Structure formats: structure tokens, C-alpha cells
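The block underneath contains the structure these notes are about, expressed in C-alpha cells.
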Amino acid sequence: MILVLKHGTTRDRVEDLCEQLETRYKIQTNPIYGKEQTIIGLVGDTSRVPEEEAANLDDVERVVKVQEPFKRANRKFHPDNTVLNINGVQVGGEKVVLCAGPCAVEGEAMITEIAASVKASGAALLRGGAFKPRTSPYAFQGLRAEGLHYLKEARDRTGLPVVSEITNPSQIDLFLEYVDVIQVGARNMQNFELLKELGRHKRPILLKRGFSNSINELLMSAEYILSEGNPNVILCERGIRTFETATRNTLDLSAIPVLKQKTHLPVFVDPSHASGAVAYVEPLCLAAIAVGADGLEIEVHNDPKHALSDGPQQLVPEQFDSLVAKARAVAEAVGRSI
Ligand code: PEP
Ligand code: MN
């Protein structure tokens, strides 16, 4: 349930009203001071709040019922786009944010070299996996804590905030020390205990869609993080499983406009894991920008032939550089920039 407040309601009165609502109805309140209007989102058991009574409260202009099960992630709760500030990088604003780097951090020289080159091409965030969730237990599992140290070294040298995937709640302290954006991978999208734990900190989370999960399930997973108190969530479409085998997954491009309509959270697209092949990464990047993506997560490796994971889908820095030039043109065509 949302209470739309009358124009000119002061902050003091909004705060008073929230307190009153919380004690009277035993629910939680979420005031949003928007450009156009101030609203209070009610969460919890809102069946305790009689609609008529709420509508008749001083300062309340009208009551809007939210039918969807996701409340805090709902655009009705927060009509303006959420814009995250990640060490000076605005995510969800006018600029399309490029996050690039290798599938996995394989060594210090490798990650610092890739970091410098993707930065020179226009990337604003550096990615690199340290704890790798692999299908096979015999495959390279990542350099783990050592990998995070190297990633931090690359951040210190380039100034690029870093993104890396967490696989277990026991790693949180390590990630809070070394990582600017904590990625929750497709395989952990519904690891609810992990999501709740990540919600108890304010560190930005890049939440990837599970390959068999619906858009609403993705939003409900975001809701787990938001409801614990962490408002800093970026969603990421990374391809879903379908009957099609020509690509590693099927990039659900329609998820982007759907998500942009349903939620105020920034939406990224990962064309690398979606397609699994270098040849498709660039066209999918351009398409993703055209349909409204706020950012792209792209795998870039300096020697993909010898990569320890995901070699076939990783661009070399030169390919990334030429992709960025085209991406800038598409961004401009849809009123954005890189
Ligand atoms: C990744 O980004 O490194 C990754 C494993 O992606 P996903 O969780 O989308 O498969
Ligand atoms: Mn990968």
C-alpha cells in the first residue's frame, strides 16, 4: 500500500506520520521524497491498515494498493530511477555503465593489464571472479582470497571500482574489505540466506537472474536484499535456459523494458554469459543499450585461448575497444552516453 501525500507536506510531518503509522498498525514505512511528490510505502501486513482510514489521514492525498508481491523494488514505491553512486560512478543515471574484465582473476599482472586497457577504452567498473561457481568440481575454482587481493591491487592502480562474485555468506567480511560491488551469480539468485545477509550491509549488490527464473522471481530476490535495509541493488539479465542450443543461453532482451517498467532499480545486461561466444557479444551489447540497459557486464581477457574459464566468450581488449565505439553511437541514439 502506498500513501501519496499532499503537495507541500513538510519532512517533519512525514516523519510524524510514519511514526504514527508504525505504532498504530505494526507495519514498516518507507518514505520517498520524490521530485514531483512525496509518498510513503507501507510494508509488512498491510491488511491491518483500513484503506478508508488511511485515505482520511491528514496530509494523505490518496491511497494506492500495490498488488505485486515485490514492494520496495516496485516502481510504484519509488517512481524515480534509483541511481547508485559507486565510488563516483553513477549507476542507473543518464550514462550507460560498462563493467568489463576477465571471467576469473588469474594473476596479478593479468588483471592489472586488463584493468588498464578496459579503462582506457571507457569501462567504469572492473569485473573479475575470484570464487568461481563451476559446473565441474575438477574445473578451475578461482584464486579465491588471493584473487580478491589482486583485484584490489588493480583497483588501486586504475581507480576502477571492482565487481566480484560471492558464493557463500561466510565470505562477506572478505568482500566488504576488497570489493566495491558484490555480485550474486545466477546460481545463487535464490540463495535466500545469502541475500538476507547481503541486505544487512549497504555494499552495492549486482544480482544476476537465475537461468530458470522468471522476472518476478528476480524481483522477489531483490526484495530480500532491500527488505533487510540495503537499497543498493543492480539487476542483471544474463540469459535464460530455453530449447535453443545455438547460444549458451537465450538473452531475454524483453526483460529489460519489462524490468524498467516494474522497478526503479538499475538494470544491467551480461551478453557474455548469455551468448557464450565472442561473435555475438557486440551485437547483443548494442541491442541491450537500445532497449534501455543501464549497464553492460562484458568479459574481456588478454589471452582468451588460454583462459582458465569461459575462453570462447571473452573478448580481447582490441575487440572491446571497437565495441565501445559502436556502443557510444547507440547510446547517443537513445539519448544516453557512455
Ligand atoms: C560470472 O559473471 O562470472 C558468472 C558466473 O555469471 P552467471 O552467474 O551469470 O553465470
Ligand atoms: Mn564467466
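Throughout, read-outs are computed from the coordinates displayed, never taken from laboratory work. Keep in mind that what you see is a predicted model, and the values were worked out from it rather than measured. All Cβ positions, glycine included, derive from the backbone under ideal geometry; neighbour counts span all protein chains shown.
Numbers at a glance
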{"quantity": "Zero-based 10 Å bins, Cα pair distances in the range 279-322, whole percents", "calculated": "28, 50, 21, 2"}
{"quantity": "Per-residue [θ]222 nm for the chain (sum of -39500 (n - 2.57) over DSSP H runs n ≥ 4, rounded to 500)", "calculated": "-10500 deg cm²/dmol"}
{"quantity": "Contact order normalised by residue count of the range 1-129, Cα under 8 Å, 6+ apart, percent", "calculated": "22 percent"}
{"quantity": "Residue 37 paired with residue 57, simple spin-label distance in nm, labels 7 Å along Cα-to-beta-carbon", "calculated": "1.5 nm"}
{"quantity": "Potential extension, residue 192-residue 318 segment - 0.36 nm per residue separation minus Cα distance", "calculated": "41.4 nm"}
{"quantity": "The chain: angle of helix 11-25 to the longest principal axis, Cα-based, in degrees nearest 10", "calculated": "80 degrees"}
{"quantity": "Mean separation of Cα contacts under 8 Å (6+ apart) over length of the chain, as relative contact order %", "calculated": "16 percent"}
{"quantity": "At R0 = 30 Å, FRET efficiency that the Cβ-Cβ distance of residue 202 and residue 11 yields, to 0.05", "calculated": "0.85"}
{"quantity": "R0 of 45 Å, Cβ-Cβ distance residue 67-residue 87: FRET efficiency to nearest 0.05", "calculated": "0.75"}
{"quantity": "For the range 148-285, radius of gyration divided by Kirkwood radius, i.e. Rg to Rh on alpha-carbons", "calculated": "0.98"}
{"quantity": "For the range 16-173, average projected area of the Cα convex hull in nm²", "calculated": "13.5 nm²"}
{"quantity": "The range 148-245: chymotrypsin sites (Phe, Trp or Tyr not before Pro) in DSSP loop, at most 10 other beta carbons within 10 Å", "calculated": "243"}
{"quantity": "Value of relative contact order over the range 75-182, rounded to a whole percent, pairs C-alpha under 8 Å and six or more apart", "calculated": "24 percent"}
{"quantity": "Cα long-axis angle, helix 108-121 against the chain (0 to 90 degrees, to the nearest 10)", "calculated": "70 degrees"}
{"quantity": "Over the chain - Rg/Rh using Cα atoms and the Kirkwood inverse-distance radius", "calculated": "1.01"}
{"quantity": "Given 35/65; 119/262; 26/76; 35/326; 95/262, the pairs whose alpha carbons are separated by over 24 Å", "calculated": "119/262; 35/326"}
{"quantity": "Neighbour-limited loop hits for trypsin sites (Lys or Arg not before Pro), the range 39-135 (at most 16 other Cβ within 10 Å; DSSP other than H, G, I, E, B)", "calculated": "65, 134"}
{"quantity": "The range 100-150-the range 187-215 distance, computed between alpha-carbon centres (Å)", "calculated": "20 Å"}
{"quantity": "All-pairs Cα distance distribution in the range 221-276, expressed in whole percent, bin size 5 Å", "calculated": "5, 19, 23, 20, 16, 11, 5, 2, 0"}
{"quantity": "More than 19 angstrom apart: percent of Cα pairs within the range 1-72", "calculated": "24 percent"}
{"quantity": "Angle in degrees between helix 145-158 and the longest Cα principal axis of the chain, rounded to the nearest 10", "calculated": "90 degrees"}
{"quantity": "Three semi-axes of the equivalent ellipsoid, the range 217-338, Cα gyration tensor, whole Å, largest first", "calculated": "25, 18, 14"}
{"quantity": "Radius of gyration and maximum dimension Dmax of the range 245-298, Cα, Å", "calculated": "10.9, 33"}
{"quantity": "Within the range 174-259, GluC sites (Glu not before Pro) in DSSP loop having at most 16 other beta-carbon neighbours inside 10 Å", "calculated": "228, 244"}
{"quantity": "Using θ = phi - 60° and Karplus 6.51 cos²θ - 1.76 cosθ + 1.60, couplings along the range 310-318 (whole Hz; Gly, Pro as x)", "calculated": "6, x, x, 10, 9, 7, 7, x, 5"}
{"quantity": "Sorted peptide list for 265-275, 35-45, criterion being average Cβ within 10 angstrom, highest first", "calculated": "265-275, 35-45"}
